[in-house]
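Quick notes on the structure that follows.
Each reported figure results from applying straightforward, stated rules to the coordinates on display, with no laboratory input. Model, not experiment: these values are computed from the prediction. Reconstructed Cβ throughout: ideal geometry from the backbone, glycine too, with neighbour counts over all protein chains shown.
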Amino acid sequence: MVSMSALHALTAELHAGFLTLSFICIMIVAVAQIVVRLRTRMPRKFVEWAIKVRGYTEAAGYVGAVLGVLGLLLSAWTGMYAWPEDVLLKDAVVRNKILLTAFSTVMWGGVVYIRSRFGRGLWTCPAMATVYVGLTFVAFGILGTTGSMGAHLVQGGSALDPLWNFVGFRVGANLVLTANIDALIAIASAAALFIALVIGRRYDLFSVKLGAETCQRVFKWDEPKIVYEAPEKK
Amino acid sequence: MTAICMLALLVLISPVIDARRNGVGSGTEEYDCGGSCHEVLSSATITMFASNLTPATGQSLTVTINVSGGSSDAILGVMIVSSLSPVPASIPSAAGWVITSDPSGSATNNYHEITNYASQTSMIWTLTAPSQSGIYTLYARVMHGAPSGASEAEYAKDYVDGLSFAVGSAGTPGIPNVILTSPTEGSTVDGSITVNANIPSSQPIAYAILRLDGVEIGNKSAVPFAWTIDTRAYADGDHVLNITAVDVVGYVGYKQVTVNIDNAGTNTELLSWVWTMAAGSIAIVAWIGVMIVVALMIRRRHTMKEGK
């Protein structure tokens with residue numbers, strides 16, 4: 001019988017790996033887009049590479065995010081059974097880790113949603129690409145923080161400690177807010193979302209498919225072509 | 001939104017750490033910074049020994065703290081404290097201990113600093129036990145220094161297990177001496193707790209019984225004398241735990257403590273945690289939604305401009 005702790009370690013590695021891959025790929029696409037945007041000032045070969053690389057990494061970033069989110073959910077499930085409830089909820093570091101993992105999961109869910117809803121055409125729209133990249137960046141930052149907390153639990157310290165030391169963040173600090181502030185945040189957020197959706201419906205924002213034709217035409221999106229040269233017949 | 005705020009906070013809070021390099025010198029220091037905050041966990045190995053763990057009240061004893069490994073810097077400070085909290089009561093004298101000699105041999109400080117650390121050192125304090133009987137614990141904290149102006153992070157490590165002393169508990173010769181190490185008298189507990197006891201005796205212990213409010217919880221005849229209790233099965237409030245030990249000759253030892261069970265407080269804390277998680281998640285979803293709408297609005301404006 002495989003222990004739940006071992007399974008949790010396995011799933012934690014799985015989601016961390018997939019999401020790191022996704023983060024790297026999305027950042028590569030972002031850089032490639034900048035290169036394409038500045039194509040008139042870049043070496044031609046460099047621009048060609050950027051176009052080719054973004055075609056592969058864009059898809060890898062999406063797949064990595066989808067599998068990473070599934071891995072995160074699996075990790076949460078195995079983590080619940082890996083330790084007794086008392087141990088899980090008594091330790092402030094564990095509570096913070098669960099809290100930030102939940103936030104990270106929602107953010108990565110947002111990354112997957114944006115890519116699924118708008119397709120790769122989102123990269124042709126700078127504003128949407130900025131939201132996508134920014135969300136990925138923050139989601140990965142929070143994921144890294146939870147990883148650091150995990151290292152504190154397992155080995156009493158983490159490689160990110162100098163950073164936490166520098167910014168004055170204590171992984172064992174109680175990140176819980178008071179009920180009134182929680183309620184205020186939830187109500188204000190729900191109201192903001194409601195207003196945003198009403199505006200979206202009012203201007204029919206969600207019906208347009210993103211693409212070079214409907215965006216600013218600043219980014220071209222040429223799919224990489226895999227060229228196969230058949231051997232000449234004698 | 002909450003997550004963003006927290007991240008922004010992380011970035012915006014300027015370092016408020018008063019990291020004093022080059023050492024602070026030996027002295028009487030509280031736990032924590034001792035005049036110089038060391039936030040990064042050291043990889044040093046710390047061990048702690050005492051010449052006598054069951055001294056009589058006012059009896060002299062020595063405590064040895066061995067340190068090996070950790071930062072390679074030559075400055076090393078070691079402090080002996082009575083609690084791992086940054087409060088004045090962490091100085092051993094606040095708990096009734098009297099330091100009669102520190103590692104220098106000529107002073108009575110609880111914090112001793114050396115400037116020639118070379119990956120291993122041993123420091124000895126001589127103390128007089130408190131005048132009141134009871135269970136006392138001493139801990140050690142090790143802090144590595146760094147040369148002035150160096151960018152090296154400053155490391156520290158605690159000997160969190162501490163050394164527990166049963167002062168004035170020698171008991172009557174021949175009678176099993178029950179020492180309840182946890183929970184301590186008057187402590188507040190919640191969830192699942194472990195009751196631990198040491199039962200030194202001149203004769204083997206035949207059995208030891210743990211009772212809560214007079215009701216038997218468990219019966220053990222061999223070490224470890226440890227029992228797990230789920231406090232959620234009991235009402236919040238004061239409860240009496242007692243252990244009765246009987247040796248093979250028939251002598252009986254007894255110890256009792258009163259603890260305060262408070263699961264309601266824990267539940268409230270957990271509820272706040274769940275609320276924060278829910279509110280934060282709603283805020284993140286809303287933030288994503290708003291950002292998408294803003295991006296689509298920008299796209300629409302540009303499309304309209306291009307259309308014109």
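Details
- Label point 7 Å beyond Cα of B:V87 along Cβ direction - residues of segment A:168-205 with amide nitrogen under 16 Å: none
- Dipole magnitude of the protein assembly as shown about its Cα centre (Cβ charges: Lys, Arg +1; Asp, Glu -1), debye to nearest 20: 3700 debye
- Nitroxide proxy distance, nm - points 7 Å out along Cα→Cβ at A:L88 and B:V160: 2.1 nm
- The simple spin-label model puts a point 7 Å past each Cα toward its Cβ; for B:T45 and B:S202 those points are separated by 3.9 nm.
- Rel. contact order, % - alpha carbon contacts under 8 angstrom, at least six apart, chain A: 26 percent
- Toward the positive end of the charge dipole of the protein assembly as shown, with +1 on the Cβ of Lys and Arg and -1 on the Cβ of Asp and Glu, the farthest Cα among B:S281, A:G157, B:I217 is that of B:S281.
- For the protein assembly as shown: rounded, prolate or oblate by the Cα gyration tensor [a/c cutoff 1.5]: prolate
- Per residue, the Cα convex hull of segment B:159-308 amounts to 167 Å³.
- Projecting the Cα atoms of A:G68, A:L205, A:F169 onto the charge dipole of segment A:4-207, computed from C-beta unit charges around the Cα centre, puts A:L205 farthest toward the positive end.
- Only lysine pairs 8 or more places apart, or on different chains, with alpha-carbon atoms under 30 angstrom apart are counted in the protein assembly as shown, and they number 19.
- Among B:S26, A:S158, B:S221, B:S106, sorting on how many other beta-carbon atoms sit within 10 Å of each Cβ, with the fewest leading, yields B:S106, B:S221, B:S26, A:S158.
- Segment B:207-237 and segment B:72-94 have Cα centres lying 35 Å from one another.
- The distance separating the Cα centre of segment B:268-308 from that of segment B:110-146 comes to 54 Å.
- Rounded if a/c under 1.5, otherwise prolate or oblate - segment A:1-107, Cα gyration tensor axes: prolate
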